[in-house]
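**Student:** Before anything else, here's the structure in question.
Derivation of every value follows stated rules applied to the coordinates shown; laboratory data play no part. Since we're looking at a predicted model, the values are computed, not measured. Using ideal geometry, Cβ is built from the backbone for each residue, glycine included, and neighbour counts are taken over all protein chains shown.
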Amino acid sequence: MYFTKTPTIIVYGILMVICAYGAKRGLEQIGSVAWLSFPYIQFSFFVALLLTMGQGNANFLFPIFGPGAWEIVKESSLKLSIFGDFVFLFFIIPYVKNTNVFKKGTWIALFVIVANMVIGMISYVFLFDYTTVMQLNYPFHEVIRTISVGFLANLETFFFPFWIIESIVRFAAYLFLTALLFGHLFHIKHFEYIIPSLATIVVFIGILPETPSDTIFVLREGLLWGASPILFLLPFLIWVIAKVKGVLKNE
């Protein structure tokens, strides 16, 4: 969508070098950058969504519950992509000084994420209609390419820097968590040193030929159906194992 004339390996390479540097700096640096950039990212997000209200169609929102409230509950319970991110987030508990603060921050983050996703989906449907949104890989980018303010038609140049910062923080956190998990699995004490290698692997995966969009939707559907039960049962399984091994008694 962006930098169409730039070789893919250059785009991925620059992005992953920056993300690897951030991940190598550690969890504290990632958190600091995320905390500093969060208000600006939220501001740009809501500005984009407010502009859609004046250019969309309110009739696209009806019926509010789509195929029905029960269908929404069932589908959301079987596709736990957000829950999976929070499961991975709990890998950093050994590096947290105050677990109570961490729990409180997790609940606040869950509320903010759910609110953002609900408001975002409402705005996307408001602008494009449900059937179109279901076929969009990047609905937010389509929104900022569509909306305009007076004579300013190309507003994506305003929102793009905020999206870049958010992407760097997000991928840096994913790299750190991946290296952390890899280090624990293979008993690597200084797991930070494998972050550049993981970033290199991501670059080579990223330059593989793109799959058609329809195939991506099918693969994502199968992945969610297969991974959701595992992610849901994983915390209970870990708790049972800890109970059997007596880890909870020692604490």
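**Student:** What is the range 4-85 by shape, rounded, prolate or oblate, if you read a ≥ b ≥ c off the alpha carbon gyration tensor as root eigenvalues and call it rounded for a/c under 1.5, prolate for a/b larger than b/c, and oblate otherwise?
**Tutor:** prolate
**Student:** Among the listed pairs LYS104/LYS243; LYS24/LYS104; LYS24/LYS245; LYS97/LYS243, give every one whose C-alpha distance is greater than 32 Å.
**Tutor:** LYS24/LYS245
**Student:** Dipole magnitude of the range 53-139 about its Cα centre, charges +1 at Lys/Arg Cβ and -1 at Asp/Glu Cβ only, in debye to the nearest 20?
**Tutor:** Taking the Cα centre of the range 53-139 as origin, the dipole is about 420 debye.
**Student:** Between 0 and 90 degrees, rounded to the nearest ten: what's the tilt of helix 8-25 against the longest Cα principal axis of the chain?
**Tutor:** Computed tilt is about 50 degrees.
**Student:** Then there is this: Please label the shape of the range 8-208 as rounded, prolate or oblate, based on the square roots a ≥ b ≥ c of the eigenvalues of the alpha-carbon gyration tensor (a/c under 1.5 means rounded; beyond that, a/b larger than b/c means prolate, else oblate).
**Tutor:** Verdict is prolate for the range 8-208.
**Student:** Decide, for the range 45-99, between rounded, prolate and oblate: order the square roots of the alpha carbon gyration tensor eigenvalues as a ≥ b ≥ c, take rounded if a/c falls under 1.5, and otherwise choose prolate if a/b is larger than b/c, else oblate.
**Tutor:** The shape class here is oblate.
**Student:** Now, a different point. Along the positive direction of the dipole of the range 8-208 (beta-carbon charges: Lys, Arg +1; Asp, Glu -1; about the Cα centre), which of TYR21, LEU110, VAL203 reaches farthest?
**Tutor:** Of TYR21, LEU110, VAL203, it is TYR21.
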